[in-house]
Amino acid sequence: MGRLAKQLLPFFSLIFVIVLWSILDTSGNFLTFRNFQNVLMRSTPNMIIAAGMTYVIITAGIDLSVGSLLAFCGMIGSLTMLLISGGTWEQIAGGKPVELTAIAMMAGTMSSILAGGLCGLANGMLITRLKLAPFIVTLGAMSIFRGASYLMNHSKSYAVSDYEWLDMGEVTILSSFHIPSSVLLMIIVLLIAGFILKYTRFGRYTYAIGSNVQTAFHAGVNVKGVLVATYTMTGAPTGLAAMIITSRASGPQPTAGLMLELDIIAAVIIGGCSPSGGRGSILGTIVGTLLIQFLRNGLTMLKVEANVQLVVVGAIIILAVTADQIATKRES
Amino acid sequence: MTPQTGQLHMEKILKVFGPVTALKNATFSTRPGTVHALCGENGAGKSTLMKILSGVYQPDGGKIVMDDREIEFKNPGQALDAGISMLYQELDLAEDLTVYENIFLGNELISRIPLVVNRREMISRTAELCRQNGFDIQPTAMIKSLTLGQCQIVELLKALMRKAKIIVMDEPTSSLTESEAQRLFKIVKDLRTQGLTIIYISHRMEEVIQLADDISVLRDGEIVATGSLADMNISTIVKHMVGRELDDFFPPRHTKIGEIYFQAIGLKSNEGVQEVSFDVRRGEIVGMAGLVGAGRTEVARTIFGLQQLTAGHMKLDNKPVKIKHPSDAIKKGIALLTEDRKRSGLCTILPCSWNMTLPNYTQINMKYFLKLSKERQLCEKFGQKVSVKWSHPNAPANSLSGGNQQKILVGRWLMANSEFMIFDEPTRGIDIGAKKEIYHLLNELAAENKAILFISSELPELFGVCDRILVMRRGRLVGDLKTQETTPEKVMHLAAVEE
């Protein structure tokens, strides 16, 4: 009973928040299809990153670098795009829009994903080979990636035209459903992440490591390999999310994803992942991400300023962990 | 702290957890200056009763009277203040702190400067207490550098330092060897003469007979027998515990012993194994005796690829094998049931079924993708084979009793189709009924032509189950004896006496 209640808690919280905002909202803007669509669009990059973060947190790790990595990958991807499209350095640095070729867009997106993956790999290698705490490694990486983004930006602004290419570009499925490409990408990422976690040996290994590393090792699990993979699997989607945000903002920003790690980690933990490892699911993470987004959406609608929102999200994280602790205690 | 204090009476204690009544009308009293043994199978309510006494749980009915005063503990701190210390079976120490820091945890001595702990005084008092009791433990050693046996001693020191009037010991010898246990018994007897009350929980009847003045037996949440030890003997106690006569405790051995299957030739490892050679035949149960620190667990770890082999080699079925990582061992059909279920055997919060299949995905044809319904079928099949009692194969492993957890691990390695199985202290801390089932299981495995190495610190079970007994001392093999041609005294002598 306690277990079931714990698993359902995120769902109930989400429903509670939606109902609460519906009651508090006097403008009538909250309960509209348009607003829900808006929340979903805002959720896409977060969902994509949170899918990877779910793995990391299930192994009892943490990745604080995702926000900075998002900015870094945005830089790498955009520069690749601009250079391949034939833009000269002067043009690019001058902020003049360069017409992007299809090949350049593909190559830029790939390079962003690759850069994200490699940075995640580097995090994972440092954590496993040098036996450093994930918290420390990714805290350092957070600063490194952010600094690198500013350096690459060099106080100029790069513009990427054709901003719709990855974000709002529509994909038509079954001739009648028009789905924004970013939403389609998100669905694909979530399906893959959910499948791997539930239906593969690798997924089981992440749970086993988070629950008890020693046991996993005794059972023949390649602990280091799995851990490196989880950080890589957080980095690569961050590269994808970076491209969605870049296309949304018509250019890379060195400040992109500032404090994003907060929302991502909060979403994953609210979704039922235990910070001490061994528990969590992709479905939970989806609900957790939506919860955070609806929370912010409603607060914005009620004209609560952004700084107060930070306070609220922080408090919610602590609340979620407390609820997790109480439920765990009751279970045993 | 005078000998008159510490008279305890628990009357009609009731404790309910949801739908389960853990204790019903349990009445229990002790006299100061005695050792009172508390017996009962796992799940009988011993731990619950003691957790109520030590303030971890609050009773739903009944009362506790100490020295003619009714008391009520809201938390373990209040019980400690009243002079009740509990030594848990599971480690209750901060692994990253030192011995003296653990002993004074929450009770630190303050120096003349406020808020600053008096480190020197704490160390010297710890050393003094160790000296008095004849323990060879460094006050400044880190807990994680100690063996399980030494940790147990630190737990005891902790209670002694707090000058407890009543000390509850839950299976204190389960991780100790004969000689360490004997030393512990001596301390227990000393404490008794000082006027302390020791409530002693144990599955080992020999200990109870040796130590206790009084005895109480719990069954299904009720005290079914209580009285002076003089009025009881092992068979009556066991009868009260299980509510039935316990015959054929050890199964009869008449399996056919086959060809040599596993061979260790001059195994050497930097962590406590020096030139160990032995073999195990198919259908044979080979016991391994020795004191804690004799290197038995280390031999198992070396075979399984958990520590580095520096010299020597191994053969399986007469073919040389190289094992560098547990996964190599598992691939070759070697199984290891570790001595510490919770530290290295199970993922306790994960479902039983996941625990069973964890090392076996290749063997059950799920190298990359899982087939959940097939996994469930397999777990049910092997669960039945080891007769594990679970509410559901997907129930978390920590919802099961110790004996059932052990069966899950046996089931795991049966599923792996392991041909050579190493059991390291498989009956530690599990109740008599479950022990018996484990012995029968070992016997069945041998009958299925598997080669078995059985490491144990309990000589009776080695003699009851094994065909042959290997004896280790200080990392070396000092005896290889046919069970029928030797005696427990001879094994003990080899294990304990330097030549």
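Six or more apart or on different chains, Cβ atoms under 7 Å: show the pairs whose first residue is in the range B:295-322 and within 14 Å of chain A (Cβ to nearest Cβ) and whose second is among the acidic types (Asp, Glu).
B:THR297/B:GLU339; B:THR297/B:ASP424; B:ALA300/B:ASP424; B:GLY305/B:ASP328; B:GLN307/B:GLU271; B:GLN307/B:GLU298
Here is a yes/no grid of residues against (1) charged (D, E, K, R); (2) assigned by TED's automatic domain parsing to the domain that holds B:VAL188; (3) on the phi < 0 side of the Ramachandran plot; (4) free of Cβ contacts under 8 Å to residues at least 12 places away in the same chain:
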residue: B:ASN102; (1), (2), (3), (4): no, yes, yes, no
residue: B:ARG112; (1), (2), (3), (4): yes, yes, yes, yes
residue: B:LEU115; (1), (2), (3), (4): no, yes, no, yes
residue: B:ARG120; (1), (2), (3), (4): yes, yes, yes, yes
residue: B:ARG131; (1), (2), (3), (4): yes, yes, yes, yes
residue: B:ASP136; (1), (2), (3), (4): yes, yes, yes, yes
residue: B:LYS144; (1), (2), (3), (4): yes, yes, yes, no
residue: B:THR147; (1), (2), (3), (4): no, yes, yes, no
residue: B:GLN150; (1), (2), (3), (4): no, yes, yes, no
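Test B:ARG281 against the stated conditions and say whether it is assigned by TED's automatic domain parsing to the domain that holds B:LEU481 and either over 24 Å from B:GLU437 (Cα atoms) or in contact (Cβ under 8 Å) with a residue 40 or more places away in the chain (or both).
Values: assigned by TED's automatic domain parsing to the domain that holds B:LEU481: yes; either over 24 Å from B:GLU437 (Cα atoms) or in contact (Cβ under 8 Å) with a residue 40 or more places away in the chain (or both): yes.
Here the answer is yes, as B:ARG281 does meet what is asked.
If we keep just the residues of the range B:469-499 that are under 22 Å from B:PHE249 (Cβ atoms) and surrounded by 22 or more Cβ atoms within 10 Å (Cβ to Cβ), which is modelled with the highest pLDDT?
Selected residue: B:ILE469.
Within the set of pairs 6+ apart or on separate chains, which have a first residue in the range A:306-327 that is under 18 Å from A:ALA60 (Cβ atoms), a second that is not in a helix (DSSP H, G or I), and C-beta atoms under 7 Å apart?
Listed pairs, sorted by first residue: A:VAL321/A:PRO275; A:ASP324/A:SER274.
Just give me the residues in the range B:323-354 being in contact with a Cys (Cβ under 8 Å, 6 or more places away or on another chain) and either on the phi > 0 side of the Ramachandran plot or at the interface with chain A (Cβ under 8 Å from one of its Cβ atoms) (or both), in sequence order.
The first filter runs over the range B:323-354 and keeps only residues in contact with a Cys (Cβ under 8 Å, 6 or more places away or on another chain), leaving B:352-354.
Residue satisfying the conditions is B:TRP354 alone.
Take the residues in the range B:348-389 that are touching a Phe, Trp or Tyr at 6+ places or on another chain (Cβ under 7 Å) and either modelled with pLDDT under 90 or over 15 Å from B:TRP413 (Cα atoms) (or both); name whichever of them is surrounded by the most Cβ atoms within 10 Å (Cβ to Cβ).
Here the answer is B:LEU350.
Being surrounded by 13 or more Cβ atoms within 10 Å (Cβ to Cβ), in the same structural domain as B:ALA22 (by TED's automatic domain parsing) and basic (Lys, Arg) is the requirement here; does B:ARG125 meet it?
On the way: surrounded by 13 or more Cβ atoms within 10 Å (Cβ to Cβ): yes; in the same structural domain as B:ALA22 (by TED's automatic domain parsing): yes; basic (Lys, Arg): yes.
So B:ARG125 fits the description; yes.
Residues in the range B:377-395 that are aromatic (Phe, Trp, Tyr) and part of a loop (DSSP other than H, G, I, E, B): how many? Explain how you work it out, then say what you get.
Filtering the range B:377-395 down to residues aromatic (Phe, Trp, Tyr) leaves B:382, B:390.
Those left that are additionally part of a loop (DSSP other than H, G, I, E, B): B:390.
So the answer is 1.
Any residue that is in a loop (DSSP other than H, G, I, E, B) and farther than 27 Å from B:ILE422 by Cβ - is there at least one of those in the range B:172-191? Step through it out loud before you land on a result.
First, the residues of the range B:172-191 that are in a loop (DSSP other than H, G, I, E, B): B:172-177.
Next, from what is left, pick out any that are farther than 27 Å from B:ILE422 by Cβ: none.
Checked the range B:172-191: no residue is in a loop (DSSP other than H, G, I, E, B) and farther than 27 Å from B:ILE422 by Cβ.
Just wondering, is there one or more residues in the range A:7-25 that are over 24 Å from A:MET259 (Cβ atoms), at pLDDT below 90 and not in a helix (DSSP H, G or I)?
yes
Yes or no, residue by residue, for (1) modelled with pLDDT under 95; (2) under 19 Å from A:LEU185 (Cβ atoms); (3) within 14 Å of chain B (Cβ to nearest Cβ):
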position	(1), (2), (3)
A:PRO237	no, yes, no
A:THR246	yes, yes, no
A:GLY257	yes, yes, no
A:ARG296	yes, no, no
A:THR300	yes, no, no
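Out of all the residues in the range A:304-332, which are modelled with pLDDT under 75 and surrounded by 12 or more Cβ atoms within 10 Å (Cβ to Cβ)?
Residues of the range A:304-332 that are modelled with pLDDT under 75, as a first pass: A:324, A:327-332.
Once the filter is applied, which keeps residues that are modelled with pLDDT under 75 and surrounded by 12 or more Cβ atoms within 10 Å (Cβ to Cβ), the range A:304-332 yields A:ASP324, A:ALA327, A:THR328, A:ARG330, A:GLU331.
What are the residues in the range B:309-324 that are out of contact with any helix residue (DSSP H, G or I) (no Cβ under 8 Å at 6 or more places or on another chain) and either part of a loop (DSSP other than H, G, I, E, B) or among the acidic types (Asp, Glu) (or both), if any?
Within the range B:309-324, B:THR310, B:ASP317, B:ASN318, B:LYS324 meet the criteria.
Assess whether B:GLU284 counts as being within 17 Å of B:PHE420 (Cβ to Cβ), away from every other protein chain (no Cβ under 14 Å) and among the acidic types (Asp, Glu). Don't jump to the end; show me each part of the working.
Details: within 17 Å of B:PHE420 (Cβ to Cβ): yes; away from every other protein chain (no Cβ under 14 Å): yes; among the acidic types (Asp, Glu): yes.
Answer is yes for this residue.
Any chance you could count how many residues in the range A:225-235 are out of contact with any Cys (no Cβ under 8 Å at 6 or more places or on another chain) and more than 14 Å from chain B (Cβ to nearest Cβ)? Break it down stepwise before answering.
Initial filter on the range A:225-235 (out of contact with any Cys (no Cβ under 8 Å at 6 or more places or on another chain)): A:225-234.
Next, only the ones that are more than 14 Å from chain B (Cβ to nearest Cβ) stay: A:227-228, A:230-234.
Adding up the residues that qualify gives 7.
Taking the range B:387-415 as the search range and keeping residues that are under 16 Å from B:LEU441 (Cα atoms) and among the aliphatic types (A, V, I, L, M), which one is farthest from the other protein chains (Cβ to nearest Cβ)?
So, considering only residues that are under 16 Å from B:LEU441 (Cα atoms) and among the aliphatic types (A, V, I, L, M), the one farthest from the other protein chains (Cβ to nearest Cβ) is B:VAL388.
Out of all the residues in the range B:281-328, which are crowded, with 22+ Cβ neighbours inside 10 Å and under 19 Å from B:LEU445 (Cα atoms)?
Within the range B:281-328, B:GLU284, B:ILE285, B:VAL286, B:GLY287, B:MET288, B:ALA300 meet the criteria.
Of the numbered conditions (1) crowded, with 22+ Cβ neighbours inside 10 Å; (2) more than 16 Å from the chain's Cα centre (by Cα), A:ILE270 fails exactly one; give the number of that condition.
(2)
For the subset of the range B:355-371 comprising residues that are of a type in the set (S, T, N, Q) and facing another protein chain (nearest Cβ under 10 Å), which member is farthest from B:GLY295 (Cα to Cα)? So that I can check it myself, show each step before the final result.
Here is the first cut: in the range B:355-371, the ones of a type in the set (S, T, N, Q) are B:355, B:357, B:360, B:362-363, B:365.
If we keep only those that are facing another protein chain (nearest Cβ under 10 Å) as well, we get B:355, B:357, B:360, B:362.
Numbers: B:ASN355: 28, B:THR357: 29, B:ASN360: 28, B:THR362: 32 Å.
Checked the range B:355-371; the qualifying residue farthest from B:GLY295 (Cα to Cα) is B:THR362.
Taking the range B:325-376, which residues are in contact (Cβ under 8 Å) with a residue 60 or more places away in the chain and in a helix (DSSP H, G or I)?
B:ILE330, B:ARG341, B:LYS342, B:GLY345
Which residue, of B:GLY287, B:GLY272, is at positive phi and either under 23 Å from the mean Cα position of the chain (by Cα) or outside the structural domain of B:ARG473 (by TED's automatic domain parsing) (or both)? First the steps, then the outcome.
Working: B:GLY287 fails: at positive phi.
Only one candidate qualifies: B:GLY272.
The values are calculated or read from the model by the stated rules, or taken from the named source; none is laboratory data. Note that the structure is predicted; figures quoted are calculated from it, not measured. Every residue, glycine as well, gets a Cβ built from its backbone with ideal geometry; the counts of neighbours run over all protein chains shown.
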